[in-house]
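Student: What follows is a single structure, and I will ask about it in a moment.
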Amino acid sequence: MENIAIDNLLLAVLNNNALLGSVFDWLLKSILIAGFSFLLIGMCRNKLASSSKHLLYLNIFVCLALLPLFSLLFGSSNSASTPLPGLITIDVTPASSGTLNRVQESFFDLSTLVTVIYLIPVTLLLLKISLAAISIFKIGHAAKANSLAGFLSTESFNLSYGIATRMQNFSKLLNITREVEIRFSDIVSSPLSYGLFRPKILLPTQALHWDPSMLDDVLMHELSHIKRLDWLSMLFVYLVASVFWINPLLWIAKKQLNEEAENSCDSAVLLHGQTETVYAENLLNIAKSIRKKSTPPLLAQMMLG
């Protein structure tokens with residue numbers, strides 16, 4: 001008669017699945033890293049600028065992205081082949097191979113099931129970010145064609161030329177050496193920027209008729225995002241959060257990181273001469289303009305939300 005005592009079924013599954021064991025280890029470390037970072041930011045919140053808090057939140061995801069590398073470099077060479085002590089206690093008296101095989105198969109089936117359950121959200125989240133990237137590049141390409149067609153009129157061409165000139169001046173002011181292209185689209189309802197080597201700013205078509213002060217604020221804000229590489233950092237953060245999706249602290253950190261990025265760009269607008277009152281009025285006017293244009297939410301815009 002066999003007597004099999006299992007101290008912890010979950011740990012037994014982790015012990016028999018290298019992938020799940022590593023993910024569980026990284027998950028525990030991610031909770032510790034995120035928790036310590038939240039504590040540090042909370043203690044120094046009133047003393048830190050938005051850019052500094054943004055870097056601290058970003059540091060959480062950088063540390064997590066490096067966890068697999070650290071595991072490969074500094075992990076024990078025998079850890080993969082040596083079972084974790086104390087996880088499974090098996091007492092067989094006497095043992096029959098058929099029963100043991102059934103036990104091993106049950107562990108294999110459960111381990112596979114847990115792996116699939118874990119990977120399904122990862123796959124869906126990565127699919128969402130892929131569709132968002134495809135969506136935004138398609139919109140940008142279509143915006144270029146539509147802009148060229150729409151600028152045949154002298155008025156539209158003059159307006160777009162004036163906006164482009166403003167953007168070039170602000171780019172020099174911010175020491176942005178990369179060429180930034182501005183495009184207009186009927187699809188987007190609010191300004192956004194994307195791209196790394198040849199970044200682009202997408203503006204709604206009604207931006208051609210915005211007040212010059214509103215345009216200046218929007219261009220300065222979006223160019224600040226480009227200078228800070230916020231589009232790239234948000235992609236990176238989303239990818240890491242997708243892998244560690246089970247840790248709720250990371251989604252909170254992602255949201256806070258996005259808010260601090262926006263606050264940093266707002267500070268850049270104010271730093272370059274705009275007053276808080278006028279800037280607040282311009283933001284309110286832009287929000288009203290956006291509400292008047294009823295467009296469905298874009299995956300590309302959801303990416304940064």
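The values are calculated or read from the model by the stated rules, or taken from the named source; none is laboratory data. Note that this is a predicted model, so its numbers are computed, not measured. Positions of Cβ are generated from backbone atoms using ideal geometry, with glycine treated the same way; all protein chains shown enter the neighbour counts. With ligands, DNA and RNA removed, areas are computed over all heavy atoms of the protein, side chains included. Shrake-Rupley method; radii C 1.70, N 1.55, O 1.52, S 1.80 Å.
Student: Taking θ = phi - 60°, what integer Hz values does the Karplus form 6.51 cos²θ - 1.76 cosθ + 1.60 yield along the stretch 28-36, in sequence order, with x for Gly and Pro?
Tutor: Ordered by residue, 3J(HN,Hα) equals 4, 5, 5, 5, 5, 5, 5, x, 5 Hz.
Student: Ok, one more. What net charge do the residues around Ser37 carry, taking every other residue with its C-beta under 13 Å from that of Ser37, with Lys and Arg at +1 and Asp and Glu at -1?
Tutor: Counting the neighbours of Ser37, the net charge comes to +3.
Student: At 1.4 Å probe size, what's the solvent-accessible area of Glu262? Round to the nearest 10 Å².
Tutor: 70 Å²
Student: Quick one: putting +1 on the C-beta of Lys and Arg, -1 on the C-beta of Asp and Glu, what dipole do you get for the stretch 200-257 around its Cα centre, in Debye to the nearest 20?
Tutor: Numbers: 5 positive and 5 negative charges, 71 e Å.
In total the dipole reaches around 340 debye.
Student: If you roll a 1.4 Å probe over the heavy atoms of the protein chains, what accessible area per residue do you get for the stretch 156-274, in Å²?
Tutor: 43 Å²
Student: From the backbone phi of the stretch 194-207, what are the Karplus-calculated ³J(HN,Hα) couplings (6.51 cos²θ - 1.76 cosθ + 1.60, θ = phi - 60°) in whole Hz, Gly and Pro given as x?
Tutor: With the stated coefficients, the stretch 194-207 comes to 7, x, 10, 7, 10, x, 9, 10, 9, 10, x, 4, 5, 5 Hz.
Student: To continue, here is another question. When only alpha-carbon atoms are used, what values of Rg and Dmax, in angstrom, describe the stretch 178-284?
Tutor: Looking at the stretch 178-284, its Cα Rg and Dmax stand at 15.2, 46 Å.
Student: Summarise the accessible area of the stretch 229-288 (1.4 Å probe, protein heavy atoms) by the percent that is carbon and sulfur.
Tutor: On the way: 1890 of 2840 Å².
Within the stretch 229-288, the accessible surface is 67 percent carbon and sulfur.
Student: Turning to a different aspect of this structure: How big is the stretch 229-284 by the Kirkwood estimate over distinct Cα pairs, in Å? Intermediate values should be presented prior to the final figure.
Tutor: Numbers: mean 1/r = 0.0775 Å⁻¹.
Hydrodynamic radius (Kirkwood, Cα only) of the stretch 229-284 equals 12.9 Å.
Student: Additional query: With the crude spin-label approximation of a point 7 Å out along Cα→Cβ, what separation in nm comes out for Leu28 versus Gln206?
Tutor: For the pair Leu28/Gln206, the computed spacing is 5.4 nm.
Student: Using 0.36 nm per residue, how much length does the chain from Phe36 to Ser267 gain when fully extended, once their Cα-Cα distance is taken away?
Tutor: Gain in length upon complete extension: 80.5 nm.
Student: ³J(HN,Hα) across the stretch 245-261 via Karplus (A = 6.51, B = -1.76, C = 1.60, θ = phi - 60°), whole Hz, x for Gly/Pro?
Tutor: Each residue of the stretch 245-261 in turn: 4, 6, 8, x, 4, 5, 6, 5, 5, 4, 5, 5, 4, 5, 5, 5, 5 Hz.
Student: Take the Cβ-Cβ distance between Ile252 and Thr165 as r, set R0 to 45 Å, and report the resulting FRET efficiency rounded to the nearest 0.05. Intermediate values should be presented prior to the final figure.
Tutor: On the way: r = 41 Å, r/R0 = 0.92.
For R0 = 45 Å, the calculated efficiency reads 0.65.
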